[in-house]
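Peer 1: Have a look at this one before I ask anything.
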Amino acid sequence: MLVLLYFVSCYRSHSKAESSASKNGGFMKTTNKFRRLGALAVAAAFTLAACGSSDEGSDAPSTEAPVVTDAPVVTDAPTASPVLIVAIVNVTGAGAGSGPFIPSVIEAWADWTNANGGLGGHPVEVDIQDTAGDPAKSQTIIDEAIPKNPVLWLLDDPFTEASMSASLGATGIPVMGLGYDPSIWGGHIEAFAMDCTPDASNGLACALPNAFPLSATFGAVVDGPAFVAQSVGATKTVFAVCAEASSCSAAGPVWATTVAGLGLADFGLTLISSSAADYTAECLSWIDAGVDFINMGVDGFAAAKIMANCTEQGYTGAYSVSAGSVAGALLQGTDNLVGTLNGFPWWVDDAPVVEYRSVMDGAGVDPEGYENPTATGIWAALQMFAKANATLSDAPTAAETLANMFTIKDETLGGLVSPTTWTEGETAPPRNCWWNYSLTAGVLENPLGGLAYQCNPAAS
């Protein structure tokens with residue numbers, strides 16, 4: 001099964017978090033003790049799921065959480081019956097990545113939405129459930145949530161999402177969030193002319209009819225770094241992936257075909273042990289072969305070590321990580337790092353991004369928690385759901401919110417997503433666009449400027 005485990009926020013976090021449901025002003029709200037994790041979560045030992053464990057990075061500098069400002073001023077308090085969003089998030093388990101922060105992002109969105117009229121006049125309740133990276137627990141969460149009549153599944157757990165596909169599809173409740181498994185989100189692999197079809201006759205399981213992806217789907221997450229390699233003038237690439245799980249190298253053939261199609265030479269795959277003391281031998285082999293673009297499908301700390309070792313050996317080319325791995329310690333003081341994001345860039349000054357940062361700061365969310373593509377991708381999904389459901393009946397149901405999703409036509413949310421259209425009776429089309437980034441001396445930039453994005457022209 002094609003599963004993009006190597007670019008997602010695929011770390012093992014040894015930090016622990018707690019959550020509890022409480023009543024607050026008549027709204028059910030999930031309260032989580034994450035807002036002061038900051039660099040402590042980043043400094044914890046992250047590794048790829050099923051790739052062993054490592055204690056590297058435990059000396060990363062800590063960061064104080066920002067002072068919580070006043071809550072948003074209620075301008076149009078919702079008075080209709082509440083609607084429930086169930087968020088299924090890997091908060092504490094293997095592969096959690098930015099997961100410990102995501103509940104705070106979701107809660108901040110819900111509080112801000114309720115302070116500004118709610119969802120179609122209905123207050124939003126959020127029930128955030130931690131899968132702990134456990135497929136059995138994920139299924140239990142679904143079973144127990146169905147009687148509560150949620151109007152949206154908000155998903156962020158790439159490591160258990162495949163196990164939830166059939167159950168989520170059977171509910172008929174809209175599914176949004178971030179993920180990569182084609183059985184939920186669909187996808188397109190231009191290199192092999194493979195697309196999602198109802199019978200999966202071409203090898204890709206079909207997207208769920210009730211799933212509405214906004215971030216890059218399978219294929220595009222591989223294509224993006226290849227296009228970046230071409231844009232920075234690279235001539236020969238290598239794909240360094242974790243050795244501990246076969247899934248880490250699943251996209252190797254896609255990468256090789258894509259870079260060849262762009263006219264680049266390819267060293268091929270190099271399997272990397274996340275627990276290795278150093279990667280000097282690998283660096284020397286790449287340098288001797290003339291590699292000038294190292295694409296890394298490993299955890300953030302292994303990536304940082306690869307970069308340090310290769311730079312010590314005289315490597316002067318570009319390094320690349322993409323999607324959910326672009327977070328935390330990897331962004332601290334790094335030089336010559338490029339790649340792609342699957343959520344909008346959080347540092348640009350376009351109006352909808354300024355609004356996003358303002359809401360997060362106003363809610364007291366630690367910058368470490370919202371300055372990552374997982375958080376921005378979740379925000380975009382929630383904003384699109386709100387856009388589709390700006391008008392609701394007195395007693396909204398999942399059938400109503402599902403029907404409303406198909407009112408989205410050529411929507412960009414002011415630039416937070418590439419143009420989006422969903423059509424009733426059709427599965428959502430693959431998402432073949434991404435945002436580029438470059439990080440030099442700790443400064444992030446979008447080489448295209450602002451919220452400008454890039455797409456695979458052949459796949460779009």
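Peer 1: Going by average Cβ density within 10 Å per residue, which order do the peptides 147-157, 257-267 take, highest to lowest?
Peer 2: 147-157, 257-267
Peer 1: If you count, for each residue, the other Cβ atoms within 10 Å and average over each peptide, how do 272-278, 432-438 line up from highest to lowest? Before the final figure, lay out the partial values.
Peer 2: Values: 272-278: 16.6, 432-438: 23.0.
The peptides rank, most packed first, as 432-438, 272-278.
Peer 1: Give me the percent of Cα-Cα pairs in the range 109-248 that sit more than 27 Å apart, rounded to a whole number.
Peer 2: So the pairs more than 27 Å apart make up 35 percent of the total in the range 109-248.
Peer 1: A further question follows. Please report the spacing between the Cα centers of the range 304-338 and the range 258-277 in Å, no decimals.
Peer 2: 15
Peer 1: For the range 429-437, what does the Karplus curve 6.51 cos²θ - 1.76 cosθ + 1.60, with θ = phi - 60°, yield as ³J(HN,Hα) per residue in whole Hz, taken in order and with x for Gly and Pro?
Peer 2: x, x, 9, 10, 10, 7, 9, 8, 9
Peer 1: Quick check: convex hull over the Cα atoms of the range 351-442, volume per residue in Å³, rounded to an integer? List each step's numbers first, then the result.
Peer 2: Details: hull volume 12.3 nm³, N = 92.
Measuring per residue, one finds 134 Å³ for the Cα hull of the range 351-442.
Peer 1: Give me the distance between the Cα centres of the range 346-418 and the range 99-149, rounded to whole Å.
Peer 2: Cα centroid of the range 346-418 versus Cα centroid of the range 99-149: 14 Å apart.
Peer 1: Just order 218-231, 398-411 by mean Cβ neighbour count inside 10 Å, highest at the front, would you?
Peer 2: 218-231, 398-411
Peer 1: Something else: What's the extension gain from Ala452 to Phe406 if we count 0.36 nm per residue and subtract their Cα-Cα distance?
Peer 2: 14.0 nm
Peer 1: Now for a separate question. Step through the residues of the range 226-237 one at a time and calculate ³J(HN,Hα) from phi using the Karplus curve (6.51 cos²θ - 1.76 cosθ + 1.60, θ = phi - 60°), rounding each to whole Hz and writing x for Gly and Pro.
Peer 2: 5, 5, 5, 4, 5, 5, 8, x, 5, 10, 9, 10
Peer 1: Rank these residues by their accessible area, most exposed first, probe 1.4 Å: Ser393, Ser98.
Peer 2: Largest to smallest exposure gives the sequence Ser393, Ser98.
Peer 1: List the residues, sorted by chain then number, that are 5 or more residues from Leu152 or on another chain and whose placed amide H is less than 5 Å from its amide H.
Peer 2: Those qualifying (amide H under 5 Å, at least 5 residues apart or on another chain) are Val86.
Peer 1: Given the Cα-Cα distance of Asn149 and Ile287 and 0.36 nm per residue of separation, how much length would full extension add, in nm?
Peer 2: 44.0 nm
Peer 1: Suppose the chain between Ala170 and Asn116 were pulled fully straight at 0.36 nm per residue; how much longer would it get relative to their current alpha carbon spacing?
Peer 2: Stretched out fully, the Ala170 to Asn116 stretch lengthens by 16.1 nm.
Peer 1: Now a separate question. Once the mean 1/r over all distinct Cα pairs of the range 249-343 is inverted, what Kirkwood radius in angstroms do you read off?
Peer 2: Kirkwood radius, the range 249-343: 13.9 Å.
Peer 1: Under 5 Å between amide H atoms, partner at least 5 residues away or on a different chain: which partners does Val232 have, H built in plane at 1.01 Å?
Peer 2: Residues meeting the amide H criterion: none.
The values are calculated or read from the model by the stated rules, or taken from the named source; none is laboratory data. Being a predicted model, the structure only gives us computed values, none of them experimental. Note that each Cβ is placed from the backbone with ideal geometry, even for glycine, and that neighbours are counted across all protein chains shown. Heavy atoms of the whole protein, side chains included, go into the accessibility calculation; ligands, DNA and RNA do not. Shrake-Rupley method; radii C 1.70, N 1.55, O 1.52, S 1.80 Å.
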